Amino acid sequence: MKDDLEYFDHDVTGNVTELLKSIPDTRDDDLRLVATYYYKYHQNLVKDKSALDFLKAMAQGRIVSSDLITRTRRKLQEHNPELRGTKWKERQHRQSAVRQEVKEVSFKNSI
């Protein structure tokens, strides 16, 4: 079986793993994770730069997208319980309830 994380950029995967291990608050807070990622790994585009410079770098694709960072976190937490935060179980529990609700709504709409 191929590694489920093969799709992801190896640098991003390693960097997100490091942040999740070293800064537990990033496990449950995507905004903190993304901000910390940018500060630590894109310091040349963040430190002493204007917001406009940062946005230009983002528009030019010179900064890892926040979507890739958060998606990588979700995939890592799916396969590595030690990287999960306290809210992971809550989200999984809600996921089951939402799935059931969607099935019920779909069934009612098909009648």
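What is the local net charge at Thr86, summed over the other residues whose Cβ is closer than 12 Å to its Cβ (Lys, Arg +1; Asp, Glu -1)?
Numbers: positive: Arg27, Arg84, Lys87, Lys89, Arg91; negative: Asp25, Asp28, Asp29, Glu90.
Its environment carries a net charge of +1.
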Which of Leu20, Leu55, Leu83 comes first, and how do the rest follow, when ranked by fewest Cβ neighbours within 10 Å?
Leu55, Leu83, Leu20
Charged-residue dipole, Cβ positions (Lys, Arg, Asp, Glu), the stretch 10-85 about Cα centre, Debye nearest 20
120
If one compares the long axis through the Cα atoms of helix 88-110 with the longest principal axis of the Cα atoms of the chain, the angle in degrees, nearest 10, works out at 50
For the chain (alpha-carbon point model, no solvent) the Debye-based log₁₀ I(q)/I(0) at q = 0.13, 0.24 Å⁻¹ works out to -0.61, -1.27
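Rule-based calculations on the coordinates, nothing more; no lab input. Values in this document were obtained by computation on a predicted structure and should not be read as measured data. Don't worry about glycine lacking a Cβ; one is built from the backbone with ideal geometry, like all the others, and counts go over all protein chains shown.
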